[in-house]
Structures are given as C-alpha cells and as structure tokens.
Amino acid sequence: MLKIIKSPVSLLVCLFAIFVAKYFFVGANANQNSSKEEVVAIKTVSNGSSAIAKENEEEVVYDYEKMFPPVDEMVKEKSVGSDNAPVVLQVFSAYTCGHCGHFFVDTVPELLKNEVKEGKLKIVFEELPFDVKALRASLVSICSKPENRMEVSKMIYENAMEWYNFDKNKFVDYMARHEDLTGLNKEKINACLTYPALRTALRKKVEEKSKPHDITSTPTLVYRKSIRTYKEAGAVPYERVAEVVDKLIKNENPSKEGEE
C-alpha cells in the first residue's frame, strides 16, 4: 500500500536517494555506451577474413583528396628487393606485436644485406592490424611519405613501448613530433586516422592478402617460389629465414623435422 510522506526530512531524504540513483544509473550507462563506441580494429574472424570498424570521432570535415595521394597509391605494395627474385616473402605483421618488431628491426636488415642484395629474395610487408592501436600505427605508416615508409615503420616499432599506452590524442601528438620523417602534422594525422576511403581500401587489401593463407596471428611469414608456398608463424630468426630461402631455391622441402 502506497504511503504518503508527510515529514519534510523524510521527503528530502527520498528526493536525495532518487537523485543519487538517477545519477549513477545514467552515468554508468553513458560510460558503457561510450566504451562500446570507441571500437577500432581489424578483427580476425574464424574464416580468416577481416573487418575494420569505425572509431568514435569528432565531426571534422577534411578534404582528403587534396591532403593525400590517391588511395590506390597509398595502399600499394610496400616491398624491397628485385621483382625477378626467385623467392618472395610476405611478412604479415602488426605494430603492437613484439615479435613483429624484432623481425623488422633485427632480421630484415640481415636479409637486406644478404638474400635481398644477392637477388635471392623479395620481401613484401603486409599490414595486419588486429587492434585499435595497431590500426592507428598502420594508417600513419600508410599516410607517410612513400620514400620514407621503411624508416617510418622502423621508428614506430622501435618506439612502440612509448606510444602503446597513449590514447588517440596523445598518439597524434607523439607522431606529430616525427613530422620531418613522416611528412604528417597533427591535422594530417587526424585526417589520416579518419579517412573513410583509406579504411575501406585497407580492409579490402587485408582480406585479399591474408584470407588465402588463413592468417590468424602475427608475425606470419609466407614464402613463395613459383606456385609453391610455405608458411611459418611466430618468432623466426634470420638463420631460419635464410635456410628456407636456400631450400626453396634448390627445390628442397623447407619443412622442419616433424612437420608435415
């Protein structure tokens, strides 16, 4: 049975309780909705395909086509080595992957000095960002000066421990410090991170490149000689890559003992 509250003190207590309950209920839901909106990633799903979600952004209009080259040029193959090399190595990696960083900073220079220089190997670097932070880094790399992209990738990997814990605004500020290398000021970085056509092109490329090889983790190396392919995942040292390249050139089985 409903009771009428006659005491002023009781009435004030009830009103205060309603205010507190409303404040925390609305606040909790607002925070929950905010966290749901701040989703940016290329998520790998069970069939190996990927999808890029959109990040919660302020309504800022950029003239993307004037600020950047054509999107097709921006996402074109990033590679080193001769097109006539007998072995092509696709390196699927993400900027938030520690083993990927070690491979790029430590192993790739050895390959450049040896297998690539000798004309045995061409390396193709494939972006495969599985999370929001890796996606931001990939986009900055793609939007950077084409002639500096290898150095930009090295800078991003070498400083990952710094920028990894930054939110988006701090990430933009940090990357803007490297404008001389990337060619990107804060405005361009913000535009790069929100460029719809670039996201679409990156999603398409990721799916086209990763799905045929069922790539589900990084780093993953896919070696190709003619129509033959061989895949390895995880931390692969220089000596192992050189061994596989030599075996493929000699038409020998590159598999490790015990592998099928």
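The values are calculated or read from the model by the stated rules, or taken from the named source; none is laboratory data. Since this is a predicted model, take the numbers as computed values, not measurements. Note: ideal-geometry Cβ built from the backbone for every residue, glycine included; neighbour counts use all protein chains shown.
Laid out as a table, the results:
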{"read-out": "Extreme residue, farthest from V75 (Cα to Cα), among residues of the stretch 206-260 that are touching a His at 6+ places or on another chain (Cβ under 9 Å) and surrounded by 15 or more Cβ atoms within 10 Å (Cβ to Cβ)", "value": "V236"}
{"read-out": "The stretch 188-236, residues that are assigned to a loop (DSSP other than H, G, I, E, B), under 16 Å from the mean Cα position of the chain (by Cα) and more than 17 Å from Y95 (Cα to Cα)", "value": "Y195"}
{"read-out": "Selection count where residues are of a type in the set (D, E), out of contact with any Lys or Arg (no Cβ under 8 Å at 6 or more places or on another chain) and at pLDDT 95 or above, scope the stretch 106-146", "value": "4"}
{"read-out": "Matching residues in the stretch 113-124 - criterion: being in contact (Cβ under 8 Å) with a residue 24 or more places away in the chain, out of contact with any Ser or Thr (no Cβ under 7 Å at 6 or more places or on another chain) and not in a helix (DSSP H, G or I)", "value": "K120, L121"}
{"read-out": "Top-ranked residue of the stretch 166-187 - restricted to ones that are in contact with a helix residue (DSSP H, G or I) (Cβ under 9 Å, 6 or more places away or on another chain) and not in a helix (DSSP H, G or I), ranked as surrounded by the most Cβ atoms within 10 Å (Cβ to Cβ)", "value": "L184"}
{"read-out": "Considering residues of the stretch 70-102 that are in a loop (DSSP other than H, G, I, E, B) and free of Cβ contacts under 8 Å to residues at least 60 places away in the same chain only, the residue nearest to L184 (Cα to Cα)", "value": "P70"}
{"read-out": "Residue match in the stretch 72-92 (condition: within 21 Å of the chain's Cα centre (by Cα), modelled with pLDDT of 95 or more, under 18 Å from M175 (Cα atoms) and among the aliphatic types (A, V, I, L, M))", "value": "no"}
{"read-out": "Residues that are touching a residue at least 24 places away in the same chain (Cβ under 8 Å) and of a type in the set (S, T, Y), drawn from the stretch 131-181", "value": "S138, S141, S144, S153, Y157, Y164"}
